[in-house]
Every structure is written in C-alpha cells, then in structure tokens.
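The values are calculated or read from the model by the stated rules, or taken from the named source; none is laboratory data. No experiment lies behind these values; they were computed from the predicted model shown. Positions of Cβ are generated from backbone atoms using ideal geometry, with glycine treated the same way; all protein chains shown enter the neighbour counts.
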Amino acid sequence: SQQGEEDPQALSIQEGENATMNCSYKTSINNLQWYRQNSGRGLVHLILIRSNEREKHSGRLRVTLDTSKKSSSLLITASRAADTASYFCATDKAYNTDKLIFGTGTRLQVFP
Amino acid sequence: GAVVSQHPSWVICKSGTSVKIECRSLDFQATTMFWYRQFPKQSLMLMATSNEGSKATYEQGVEKDKFLINHASLTLSTLTVTSAHPEDSSFYICSASSGRRDTQYFGPGTRLTVL
C-alpha cells in the first residue's frame, strides 16, 4: 500500500496541553498537507508545507518536514476541546502532483 | 474561501438500486474533481480523478462500471453507485481543485447506507 502512516492512532489530552502527531510517507513528494476531519464531516485544510521547507507555522499549528526521513509532525499548542477531531496528513507524488495519498490518521480527543 | 458542496448528505437505499451523489464547486471553477471513499475509523482512499469534459481515471481495484463518474461542467461532478450492495455502504467525499495543484477543497461528504 502506498498509504502513509500516522502515529499515534489515538491521542487523549487535557485542554491546554500540546498535541503532537507524526506522519511517515513512502515516496518523494512536492508538498505535504495536514487536514482535520470532525466526526462524520468533510475535511478542512490546515496547512501545506513544501518539500523545500522544514518548518511552518499557522496560529497554534506548527508543522515540520524531514524529507530525508520521509516524515512530518503536526504540533497543536495550547489545545482546546474544539480541537477534538481526526487529523490526516496527505502527500502528493513528485511526478503526479494532482493526486493526494492520505495517512491513516490520528484521532485526537481533548478533554475540557 | 473555496466552497464545495455535496448532495445528498446522507442516503439510505435498498440493495440493487442506484444512487447518484453530486459534488459542486460553488465559487470557483474546478478543472479537476476527486472522489474518495472512507470506511469507519479509516482514512480516505482515492477512487477516481475526473477532469472536466473527459473520462475519469480510476484507481486500481475500483470498478468503473460500478462507480460511474461524470464531470460535465466546471462546477459539477456526479458519482453514481450502480446496483448498490451493503458492502458499498461508506462515506463518500469529493474534492475539487482549480488546477493550481496545491490545495484540494473537500465537500462535506455523503453517507451511503445500503440495506
């Protein structure tokens, strides 16, 4: 399977704590993206990081990318109950940038 | 921001019937639309890619005669699940891209239940 893997599969934390999710992928990429999915809903685009970037920030989100290890991490700082959702990384392929391959996802539960 | 809608949001049908799901880009022209399937607590799996005015490209293992995709305009793509069976029950999500190849905008999904 070309699907990427994420860990942990599930993560439970208290409000105010930081949450870190990791994503590993298998092929050379142009971009890596992170999406959030609330239960039974569509995906919300969070952040895109290009293969020549190592770190990117957006509000309480921090994404890192290590192309040598084919891995990325998503850090959510000062988590809130509203951050409860599933988080997916998605990569394109270096030679076919239209298609996205999604990771297995991390289910985050933030307790108030 | 770019908005993609899907209709219906949920549908229940009897085994053997066909179901059509619509995906619309509301405020941009989508040269490419994608259809995904997601089983409970699993990730999204790409089923097919469609470009406006041309035949869809299906992923390996996806039956093109069972999952008919039409992308007749720059704002509408349809997925028809023909002769649906209980194993086709799933969450179907579409996404649309304006061709910039950077961001896909996702619809809210359609939950299909086949009895």
**Prompt:** So which pairs qualify, if the first residue must be in segment B:23-42 and among the hydrophobic types (A, V, I, L, M, F, W, C), the second must be in a loop (DSSP other than H, G, I, E, B), the Cβ gap must be under 7 Å, and the two must be at least 6 apart or on different chains?
**Reply:** B:Cys23/B:Gly107; B:Leu26/B:Val3; B:Phe28/B:Ala2; B:Phe28/B:Ser98; B:Ala30/B:Leu74; B:Ala30/B:Thr75; B:Ala30/B:Ser98; B:Phe34/B:Gln104
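Mind telling me which of the residues A:Arg60, A:Arg107, A:Arg54 ends up being in contact with a strand residue (DSSP E or B) (Cβ under 7 Å, 6 or more places away or on another chain) and within 13 Å of chain B (Cβ to nearest Cβ)?
Details: A:Arg60 fails: within 13 Å of chain B (Cβ to nearest Cβ); A:Arg54 fails: within 13 Å of chain B (Cβ to nearest Cβ).
Only one candidate passes the filter, namely A:Arg107.
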**Asked** Can you tell me which residues in segment A:1-40 are of a type in the set (A, V, I, L, M), within 14 Å of chain B (Cβ to nearest Cβ) and touching a Phe, Trp or Tyr at 6+ places or on another chain (Cβ under 9 Å)?
**Response** A:Met21, A:Leu32
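Looking only at segment B:32-59, which residues are of a type in the set (Ser, Thr, Tyr) and facing chain A (nearest Cβ under 10 Å)? Step through it out loud before you land on a result.
Here is the first cut: in segment B:32-59, the residues of a type in the set (Ser, Thr, Tyr) are B:32, B:36, B:43, B:49-50, B:54, B:57-58.
Scanning segment B:32-59 gives B:Thr32, B:Tyr36, B:Ser43, B:Thr49, B:Thr57.
Can you go through A:Leu43, A:Leu74 and tell me which one is more than 14 Å from chain B (Cβ to nearest Cβ), surrounded by 21 or more Cβ atoms within 10 Å (Cβ to Cβ) and either within 20 Å of B:Tyr105 (Cβ to Cβ) or of a type in the set (Gly, Ala, Ser) (or both)?
On the way: A:Leu43 fails: more than 14 Å from chain B (Cβ to nearest Cβ).
Only one candidate passes the filter, namely A:Leu74.
Matching residues to (1) basic (Lys, Arg); (2) touching a residue at least 40 places away in the same chain (Cβ under 8 Å); (3) over 19 Å from B:Leu44 (Cα atoms):
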| site | (1), (2), (3) |
| --- | --- |
| A:Gly4 | no, yes, no |
| A:Ile13 | no, yes, yes |
| A:Arg36 | yes, yes, no |
| A:Ser39 | no, yes, no |
| A:Glu55 | no, no, yes |
| A:Arg62 | yes, no, yes |
**Prompt:** Of all the residues that make up segment B:15-28, how many are modelled with pLDDT under 90 and either surrounded by 18 or more Cβ atoms within 10 Å (Cβ to Cβ) or not charged (D, E, K, R) (or both)?
**Reply:** 1
**Positions within segment B:60-115 being more than 17 Å from B:Arg24 (Cβ to Cβ), away from every other protein chain (no Cβ under 14 Å) and part of a strand (DSSP E or B), in sequence order** = B:Phe67, B:Leu68, B:Val81, B:Val114
